[in-house]
Amino acid sequence: MHTADHDAPDLRTAHVIVVANEKGGSGKSTLSIHISVALLKAGFRVATIDLDTRQRTLTRFFENRLAFGRSTLSDVEMPRHFAPERGETSSARDNEASEFAQMAEAIGAVEHDYEFVVIDTPASDSHLMRLAHSLADTLVTPMNDSFIDMDGLARVNPDRRQRGGVAHYGALVLEARRQRRMVDQGIIDWVLVRNRVASLQTNNAKQIQLALGRLAGELQCRIADGLHDRVIFRELFPLGLTALDALETAAHTLTSSQLSARDEVTGLLATLRLPTRLESGEHLAARHIWFDATASYYKDRPAGFDATCSPSA
Ligand SMILES: Nc1ncnc2c1ncn2[C@@H]1O[C@H](COP(=O)(O)OP(=O)(O)OP(=O)(O)O)[C@@H](O)[C@H]1O
Ligand SMILES: [Mg+2]
């Protein structure tokens with residue numbers, strides 16, 4: 001992948017990577033962790049936001065990483081991390097408004113000085129999640145190699161040669177895209193990332209691959225080969241490390257699994273085709289207008305508003 005270009009113009013607008021899928025356990029936090037660490041290792045200034053205010057997996061990972069660096073006196077790259085507080089009032093609207101305000105504030109604090117913002121999200125559909133989707137410059141959606149996971153994106157037709165129709169999460173992203181186009185003619189580059197792929201090329205995996213190809217055409221998204229199911233993608237979490245780190249310091253030797261895992265993450269980053277030059281100031285201005293409009297939307301609506309409405313509706 002490319003490395004940081006610190007000769008980039010001063011007026012920076014961070015490129016926002018949102019990692020999301022309504023399906024729980026699909027690998028959102030695992031991908032958020034690996035994408036963030038890969039970008040940090042490439043020398044970019046990275047900010048991270050943990051919108052999963054309940055589980056706080058990304059936050060826990062970076063806490064572990066900081067503790068590892070301190071206890072071993074080693075330099076581990078850290079992002080500027082934001083962990084919005086969970087709204088705990090009885091009003092869902094107030095809670096979302098406060099979480100949105102914290103997200104907007106976090107992005108406002110880093111957008112000039114950081115190249116990337118990586119946002120991990122919870123497996124839920126809420127108004128806030130929809131807003132987070134429309135904020136994405138790159139939307140990364142991990143999915144397991146399973147027709148059940150695919151069914152949330154597009155209905156899988158029993159006759160797999162036939163089209164199925166857009167399903168709930170697919171529709172959510174298409175709507176986020178529409179919203180985004182209205183704000184700044186921005187395009188959300190949507191990449192479906194296969195995760196926990198089995199090492200053996202089974203018949204199921206081939207069927208999934210074919211179905212995904214069709215899906216990509218229907219939903220105008222791209223498909224990344226992503227990550228295989230590997231212990232190394234999960235075992236290092238308590239240490240705050242990844243396969244990309246020099247694990248010798250953690251008393252591990254470089255295994256072939258670690259090398260393969262590194263290749264997969266590097267391949268994923270290449271497939272994402274993230275920009276190395278930064279976005280224009282117009283993009284920044286449009287985002288600010290949108291933040292303001294959304295903040296007043298939360299303020300003006302009565303409690304119990306229709307969560308499917310958009311700020312511009
Ligand atoms: N490529 C992989 N190889 C091995 N284990 C994986 C891989 N990806 C994810 N896992 C494991 O699968 C589980 C779910 O992953 P993760 O927590 O990243 O998903 P998530 O989408 O963030 O879940 P949630 O919806 O609960 O936030 C975790 O135990 C994680 O360690
Ligand atoms: Mg998670």
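The values are calculated or read from the model by the stated rules, or taken from the named source; none is laboratory data. Every value quoted in this text rests on a predicted model; they were computed, and no experiment measured them. Cβ coordinates were reconstructed from backbone atoms using ideal geometry, including for glycine residues, and neighbour counts include every protein chain displayed. Surface accessibility is based on the protein's heavy atoms, side chains included, excluding ligands, DNA and RNA. Shrake-Rupley method; radii C 1.70, N 1.55, O 1.52, S 1.80 Å.
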### Message
Quick check on region 104-111. Is at least one of its residues more than 16 Å from ligand 1 (Cβ to nearest atom) and touching a Ser or Thr at 6+ places or on another chain (Cβ under 8 Å)?
### Response
yes
## Note on the structure
Restricting attention to region 208-234, the residues that are over 18 Å from the mean Cα position of the chain (by Cα) and of a type in the set (Asp, Glu) number exactly 2
### Residues (out of contact with any helix residue (DSSP H, G or I) (no Cβ under 7 Å at 6 or more places or on another chain) and loosely packed, with under 13 Cβ neighbours inside 10 Å) located in region 89-99
Ser90, Ser91
### Query
For Val18, which of the numbered conditions (1) in contact with a strand residue (DSSP E or B) (Cβ under 7 Å, 6 or more places away or on another chain); (2) within 16 Å of ligand 1 (Cβ to nearest atom); (3) over 18 Å from Ala106 (Cα atoms); (4) not in a loop (DSSP other than H, G, I, E, B) fails to hold?
(3)
### Task
Determine whether Ser124 is surrounded by fewer than 17 Cβ atoms within 10 Å (Cβ to Cβ), among the hydroxyl-bearing types (Ser, Thr, Tyr) and assigned to a loop (DSSP other than H, G, I, E, B).
yes
### Task
Of the conditions (1) out of contact with any Lys or Arg (no Cβ under 8 Å at 6 or more places or on another chain); (2) within 11 Å of ligand 1 (Cβ to nearest atom); (3) not hydroxyl-bearing (Ser, Thr, Tyr), Gly226 clears all except one; give me its number.
(1)
### Query
Condition test on Arg56, is it open to solvent by 50 Å² or more (accessible area, probe 1.4 Å), within 16 Å of ligand 1 (Cβ to nearest atom) and not hydroxyl-bearing (Ser, Thr, Tyr)?
yes
#### Entry: Residues satisfying the stated conditions in region 233-243, i.e. open to solvent by less than 50 Å² (accessible area, probe 1.4 Å) and more than 8 Å from ligand 1 (Cβ to nearest atom)
Leu236, Gly240, Leu241, Thr242, Ala243
### Query
Is at least one residue of region 165-188 surrounded by 15 or more Cβ atoms within 10 Å (Cβ to Cβ), assigned to a loop (DSSP other than H, G, I, E, B) and in contact with a His (Cβ under 7 Å, 6 or more places away or on another chain)?
yes
### Query
How many residues are open to solvent by less than 10 Å² (accessible area, probe 1.4 Å) and part of a helix (DSSP H, G or I) when one looks only at region 39-48?
1
## Note on the structure
Pairing a residue in region 113-125 that is under 21 Å from Arg45 (Cα atoms) with any residue that is among the β-branched types (Val, Ile, Thr) and open to solvent by 10 Å² or more (accessible area, probe 1.4 Å), where Cβ atoms lie under 8 Å and the two sit 6 or more apart in sequence or on different chains, gives Asp120/Thr57
### Query
What number goes with the only condition from (1) modelled with pLDDT of 90 or more; (2) within 16 Å of ligand 2 (Cβ to nearest atom) that Asp125 does not pass?
(1)
### Message
Residue under question is Asp94, and the condition is that it be outside any loop (DSSP other than H, G, I, E, B), acidic (Asp, Glu) and in contact with a strand residue (DSSP E or B) (Cβ under 8 Å, 6 or more places away or on another chain); does it hold?
### Response
no
